[in-house]
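The values are calculated or read from the model by the stated rules, or taken from the named source; none is laboratory data. Bear in mind that the values here come from a model prediction, so they are computed numbers and not experimental data. Glycine also receives a Cβ, built like all others from the backbone with ideal geometry; neighbour counts cover every protein chain displayed.
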Amino acid sequence: MGTWAHIVVVDGRRGALDRARRRIEQLEARWSRFLPASEVSRLNRHRGRPVVVSADTATLVTRAMAGHRGTGGRFDPMVLGTLIDSGYDRSFELLDRHVGVGPVALPRGAGFDPGGIGKGLAADLVVAELLADGATGACVNVGGDLRAEGGGPWTVDVADPFDDRRPPIARLAFDAGGVATSSRLRRTWWRDGAERHHLVDPASGRPARTGVAAVTVLTGDAWRAEVLAKAALLAGPDGALDVLADARATGLFVDDEGTCHRSPDLDPFLA
Amino acid sequence: MSGHARRSRLVALGLSVGGLVGLVGGMVATEHPRAATTGPTVAAPDPFTAGGPATPPSTTPTPGSRFRQTITSAS
């Protein structure tokens, strides 16, 4: 997943922290598209053919499909700049027909990038496993997508998307929930004289520039928070908070001018 | 042992093994009837729409609880 992780275990059994760290490494080995032997890399390499994957990866794919449906197509892990450049021309809906109980097959011409949803789901899975293992509380933060439950309240600083050395733009507090932030200001590069970033609008196939610079979402699960953050960013300033409200989530976004806009129901979660 | 007696024993052994196989097969068939190929199906709830909201803090976070604190940013 190419990022850092922060794990907190409250009253866990001996070795719980090490087990959590190894579990994240296992998920990284399965889901990274930068590791040739990962299950996601095998899925992308063998498009159109069934590939036997772990239950973790089957869960990841089904969650991604659910996120795609739930956001009306705004969240689309099949959209990748590199894949578009290489001829990506398939709709994500096709994946539905190829996923069952057994092996998973990607349609030909499509590519799957778990990206952010992988980080969020990893946080969800590891927290659930820590609690099942006897911990009274746990927080797992994978590159800014985090899940925390039990042993709270937990507080989460929302970094300034324009400069994370500045003071945080908000501090969230909750007993249980998932948080994710999506920004077009990260993972940028230049090509053909234009700045590109990793958030591609499925409607246009181009890097999105909607007037929203960053979105932070707070809801029950980290993977849903990640899905909604991307969908809200693509919805633009007029629709971002509606996307969250429709999905029983709350949060805030920063527009391109640097102004912060909060969901009306965020107040109980502000510390 | 005469050839006839040997054949009789082999036949008896074969019948015994055959009976045992039949008995076990019958038990398996009885205990594990073949699944119906048609019937009602239970649709799993959609994990996206089934997801709930976050739980607000039950108490005010104390300034000293730094171990319960983390940060979110795009990465």
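Rundown of residues vs (1) at pLDDT 95 or above; (2) within 17 Å of A:R224 (Cβ to Cβ); (3) not hydrophobic (A, V, I, L, M, F, W, C), yes/no style:
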position: A:A20; (1), (2), (3): yes, no, no
position: A:R33; (1), (2), (3): no, no, yes
position: A:P50; (1), (2), (3): no, no, yes
position: A:S54; (1), (2), (3): no, no, yes
position: A:T62; (1), (2), (3): no, yes, yes
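Before we move on, is A:A122 more than 12 Å from every other protein chain (Cβ to nearest Cβ), crowded, with 24+ Cβ neighbours inside 10 Å and in contact with a strand residue (DSSP E or B) (Cβ under 8 Å, 6 or more places away or on another chain)? Against the criterion (more than 12 Å from every other protein chain (Cβ to nearest Cβ), crowded, with 24+ Cβ neighbours inside 10 Å and in contact with a strand residue (DSSP E or B) (Cβ under 8 Å, 6 or more places away or on another chain)), A:A122 qualifies.
Which one of these is crowded, with 24+ Cβ neighbours inside 10 Å, of a type in the set (A, V, I, L, M, F, W, C) and closer than 28 Å to A:E257 by Cα: A:V140, A:V156? Just one listed residue meets the conditions, A:V156.
Take the residues in region A:60-79 that are in a loop (DSSP other than H, G, I, E, B) and out of contact with any strand residue (DSSP E or B) (no Cβ under 7 Å at 6 or more places or on another chain), then tell me which one is surrounded by the fewest Cβ atoms within 10 Å (Cβ to Cβ). Quick ask: steps written out before the conclusion?
Filtering region A:60-79 down to residues in a loop (DSSP other than H, G, I, E, B) leaves A:71-79.
Filter once more, so that each one left must be out of contact with any strand residue (DSSP E or B) (no Cβ under 7 Å at 6 or more places or on another chain): A:71-78.
Working: A:T71: 23, A:G72: 11, A:G73: 16, A:R74: 22, A:F75: 29, A:D76: 21, A:P77: 26, A:M78: 23.
Per the criteria, the residue is A:G72.
Among residues of region A:238-267 that are on the phi > 0 side of the Ramachandran plot, those with a Cβ under 6 angstrom from a residue that is at pLDDT 95 or above, sequence gap 6+ or separate chain, pair up as A:R248/B:P53; A:G251/A:T216; A:G251/A:V217; A:G251/A:L218; A:G251/A:L244; A:G251/A:S263. I'd like to verify a number: residues in region A:129-149 that are within 13 Å of another protein chain (Cβ to nearest Cβ), over 17 Å from A:A173 (Cβ atoms), over 10 Å from the mean Cα position of the chain (by Cα) and not in a loop (DSSP other than H, G, I, E, B), how many? The total comes to 1.
Looking at A:D242, A:D267, A:D246, just one residue is of a type in the set (D, E, K, R) and more than 14 Å from chain B (Cβ to nearest Cβ), and that residue is A:D242.
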